[in-house]
Amino acid sequence: MVRFSGVGLRYPAPGGDGAVREALRGIGFTLPEGSFHWLLGPSGAGKTSLLRLMQLALRPTEGEIELFGKRVGRLRRAALPRLRRRIGVVHQDFRLLAHLSAFDNVALPLRIAGRTEAALRADVAEILRWVGLADRSEALPAGLSGGEQQRVAIARAVIIRPALLVADEPTGNLDAEQAARVIALLREMHRLGSTVVVASHAMKLVEAYPAPALRLDSGRLVAHG
Amino acid sequence: MAEPARLPRLRRARGRDPLGLRRVMADRLLPLLVAAMALLAALALAGAEGAAALAARWQQGAASAVTLQLPAGTPPAGVEAALAALRDLPEVAEARLLDRARLAALLNPWLGEAAPEVPLPVVIEIALHGLPAAPETLAARLEAAAPGATVEAHGVWVARLVALARSLQAVGFATLALVAALAAAVVAVAVRAGIAARRDAIAVLHELGATDGDIAHRFAARAGWLTGLGALLGTAAALPVLALLADLAAPLLGGDSGGWRGDGVARLRAGLAALPWAALVALPALGAALGWTSAQVTVRLWLRRLP
């Protein structure tokens, strides 16, 4: 389902003096289809870089990534959007489009996939109901609380029924109650069949929802399971 | 707060513009800049068309504008020999004698009724197959074919005028190309500004699986609409100026001009009728196509930096 083999990621260090920063080195693991994994590690361990590789926002500088049975390195750039449409992404900072309502933010993946207005309306309404925001569909992100914005972001990520759902510190900006609600939604997606990877350093939350973990430290995978 | 009945319409409008390009590529500055360039383009286009018409007319006139004079008193046998020799030349399409009555009528304004009494030269009108590449050489050959004759070599001047008209035409087209390049550059700058303002939104769309074509199309549709609108305004603004210029230039093309006098509406109509309408109507469409293409290229080049 998701396989990393000897994956490394280097990029030029800030300063432009030709130095190279190694974000990830020799990463190898396999995530079975329909699994739930925590991605753990201290700040700067490489969690975000690994998730960005998984969501095809970056390409590795070495090694091989396999997603949905396809070796990503062998695919043409033009073939990647089709794969991205099977991946849902949730960010710590939500990344909602500020000029669009909650409804339009959630509808975005369906519109990109070419769904007609008539066909997408019921699905968007249903998913907003699922995240508890049915009555906030016309609100702009600026008019929503942090927890509500994150639930809109989750609704946007899951409306396509993603085969893979990755979340980068999705509870980082939320209080404990909202955080628990967000994690419950992500676990619900896992129950519905998605492969879910959640990066977090909120250990209380991790302990409250036990699951296998990938543990990173200084760009290396130090534990898996 | 929006009225409930308007919500679906507003939602659809916003949904069709997820990058918020209506705000970052506003409908004022870009159309105005393009309108100014379209006005210049319309003037250049009409100038080039007018120069082409002038060149064609002068070239056509030059082919039949050569006359040859034999001295007064040349005997009929000498005239016939000269006509035969001229008709044998490959450049000559037709050589015919200007009869004495017509010659007298032509000279009447200067000589009055005395014309028939004055010894007049024998005049032969020559029509050529085309404008000679070397008018001086042709004149020498004509004079050799009819000894004692004098050639009125209008062709030399006409050839120079045709060359001038062709040069004006080339300048018109060069101006058009320059304006098009400038318009493409202006659109590219506007699109780059739009990209800079919506970088995060583009990243979100890219992450959600939008193709380069999807994203480029959104910019191109907006840029095409704005440049098409600007080109339409600029072309419309150019029409009265072009009509006036066409009316003033009418005598050069064999028409009649009222200059600054006469019935203004009638003159405007006559000027409008003389404009190259096909090219002018095509200008807004070409402007839209230019804006669309420039935006497509700009966005696709920028998107190549994304994985």
With x for Gly and Pro, the residue-by-residue ³J(HN,Hα) of region A:103-113, computed from phi through the Karplus equation 6.51 cos²θ - 1.76 cosθ + 1.60 at θ = phi - 60° and given in whole Hz, is 4, 5, 5, 5, 6, 3, x, 6, 5, 4, 6
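Give the Rg/Rh ratio for chain A, taking Rg as the radius of gyration of the Cα atoms and Rh as the Kirkwood radius, to two decimals.
Values: Rg = 17.6 Å, Rh = 18.2 Å.
Over the Cα atoms of chain A, Rg/Rh equals 0.97.
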Out of A:Y209, A:A134, A:V90 - ranked by how far each Cα lies towards the positive end of the dipole of chain A, with unit charges on the beta-carbon of charged residues - the top one is A:V90
For chain A, averaging the sequence separation of alpha carbon pairs under 8 Å that lie six or more residues apart and dividing by its residue count, the contact order in percent is 29
Shape call for region A:80-119, from the Cα gyration tensor axes a ≥ b ≥ c (a/c under 1.5 means rounded, otherwise prolate when a/b beats b/c, else oblate), comes out oblate
Ranked from fewest to most other Cβ atoms within 10 Å of their own Cβ, A:E169, A:E177, A:E126 fall in the order A:E177, A:E126, A:E169
From DSSP H assignment alone, runs of 4+ in the protein assembly as shown each adding -39500 (n - 2.57), the sum over residues rounded to the nearest 500 puts [θ] at 222 nm at -17500 deg cm²/dmol
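Remind me, relative contact order of region A:1-85 in percent, using alpha carbon pairs under 8 angstrom and six or more residues apart?
Taking the mean separation of contacting Cα pairs over the length of region A:1-85, I get 36 percent.
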Residue-ordered couplings for region A:208-219, obtained by feeding phi - 60° into the Karplus form 6.51 cos²θ - 1.76 cosθ + 1.60 and rounding to whole Hz (Gly and Pro as x), are 6, 10, x, 6, x, 9, 9, 10, 10, 8, 6, x
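With a 10 Å Cβ neighbour count serving as the proxy for reagent exposure, in which order, fewest first, do A:F103, A:F36, A:F68 appear?
If I rank by nearby Cβ atoms, fewest first, I get A:F68, A:F36, A:F103.
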Taking placed amide H atoms and a strict 5 Å upper bound, the residues 5 or more places from A:A23 or on another chain that come that close are A:L9, A:R10, A:Y11
When A:V72, A:V206, B:V187 are arranged by how many other beta-carbons sit within 10 Å of their Cβ, fewest first, they go A:V206, A:V72, B:V187
Once amide hydrogens are built 1.01 Å from N within the peptide plane, the residues lying 5 or more places from A:V90 or on another chain with amide H under 5 Å from its amide H are A:V166, A:A167, A:D168
In nm², the average projected area of the convex hull spanned by the Cα atoms of the protein assembly as shown is 39.5
HN-Hα couplings for region B:105-113 via Karplus (6.51, -1.76, 1.60; θ = phi - 60°), in whole Hz with x for Gly/Pro, come out as 5, 5, 8, 3, x, 9, 9, x, 5
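Values in this text are rule-based calculations from the coordinates and carry no lab data. Please read all numbers here as calculations on a predicted model, not as lab measurements. Reconstructed Cβ throughout: ideal geometry from the backbone, glycine too, with neighbour counts over all protein chains shown.
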